[in-house]
Structures are given as C-alpha cells and as structure tokens.
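What follows is a single structure, written as structure tokens, with notes after it.
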Amino acid sequence: MAIPAGWGPSHDEQGNGAFYRPPGGDRSALLQIFRISEPASTGSCELLRMSSARLGDQTPAYQQVSITSVSGSSCELVYEYDSAESHGRRRGMERIVTTPDGNRWALLAAGPSTDAPTTRANLTAALDSFRPE
C-alpha cells in the first residue's frame, strides 16, 4: 500500500491493523488499514453506518458528512470531529473494499479538515496501490 513520502509505521496506536503517520512525531494525520472480521452478510455500507453511530457516541463534536456506495460492494464514510492532534477539526475518510479472494478490508485516511484534498489524495493512493498480503 502506498503511503506518503517520509511516513512510517506507528506502533503506539489503539485499534486494529497497521497505522502510518508523518515523520517526526507529527500526529496530525494518519493512514490505517485493517481486515474486516464481520460476516459478509452485513453489507459494507451497513458496517460504516454502525461505525458512524459508534463514533458519534464516543467522539467529541462528531459529524457524519456522507456514506456513499462506491463501485461494486465498496462503501465510503466521510466524517469530521474535533481533534487536538489535528489542531482543530479532523476529517476521516474510510473505505471498505472487497478483494478478489472475497476478504474485506478498511482503508482509512485522516488529517486536518482544512487539508481535506491531501487526505483524499492519501486515501486514493493507498486504494490504488493496495495489494493484501
């Protein structure tokens, strides 16, 4: 999976999967990838609706921007919330994709809401280059 130049693995995260952050301890942005463990009978958009509801219950000033079905069985959630790490509002973009072997993966990019185009570019590069295991 493509990660932005200079970024590296972050090993002090809470949550599932692999995390990548900018260099020098900068925590304003991130990329995360993890395998979806819920059964395929629960659709990708439904999983993201449930995730959005949990985030809304647990995250200060959470706002769901959109949930959109994307080609095939993929779905994407875009949201914002207050984040000290991003020095204001943070925008998250999470896409669930199904690989040819039938496994589902979530790829998430987040960064300052004032720099949403960079966050989108990071997610797009990760999605375009993603090859599981």
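Quick notes on this structure:
- Residues (open to solvent by 20 Å² or more (accessible area, probe 1.4 Å) and either under 14 Å from the mean Cα position of the chain (by Cα) or of a type outside the set (D, E, K, R) (or both)) located in the stretch 100-115: 100, 102, 103, 104, 105, 112, 113, 114
- The stretch 56-108 - residue that is assigned to a loop (DSSP other than H, G, I, E, B) and acidic (Asp, Glu) and, of those, nearest to residue 29 (Cα to Cα): 85
- Condition broken by residue 124, with the remaining ones in (1) within 14 Å of residue 70 (Cβ to Cβ); (2) touching a helix residue (DSSP H, G or I) at 6+ places or on another chain (Cβ under 8 Å); (3) open to solvent by 40 Å² or more (accessible area, probe 1.4 Å) satisfied: (2)
- Per this entry, residue 89 is counted among residues that are in contact (Cβ under 8 Å) with a residue 24 or more places away in the chain and farther than 20 Å from residue 125 by Cβ.
- Residue match in the stretch 74-97 (condition: farther than 21 Å from residue 13 by Cα and open to solvent by 70 Å² or more (accessible area, probe 1.4 Å)): no
- Meets criteria (within 13 Å of the chain's Cα centre (by Cα) and open to solvent by 60 Å² or more (accessible area, probe 1.4 Å)) for residue 35: yes
- Qualifying positions in the stretch 9-32 - assigned to a loop (DSSP other than H, G, I, E, B), surrounded by 12 or more Cβ atoms within 10 Å (Cβ to Cβ) and either modelled with pLDDT under 90 or out of contact with any helix residue (DSSP H, G or I) (no Cβ under 8 Å at 6 or more places or on another chain) (or both): 10, 13, 16, 17, 22, 26, 27, 28
The values are calculated or read from the model by the stated rules, or taken from the named source; none is laboratory data. Note that the coordinates shown come from a computational prediction; the quantities given were computed from them, not determined experimentally. Backbone-built Cβ (ideal geometry, glycine too); neighbour counts: all protein chains shown. These accessible areas exclude ligands, DNA and RNA; they are computed on the full protein's heavy atoms, side chains included. Shrake-Rupley method; radii C 1.70, N 1.55, O 1.52, S 1.80 Å.
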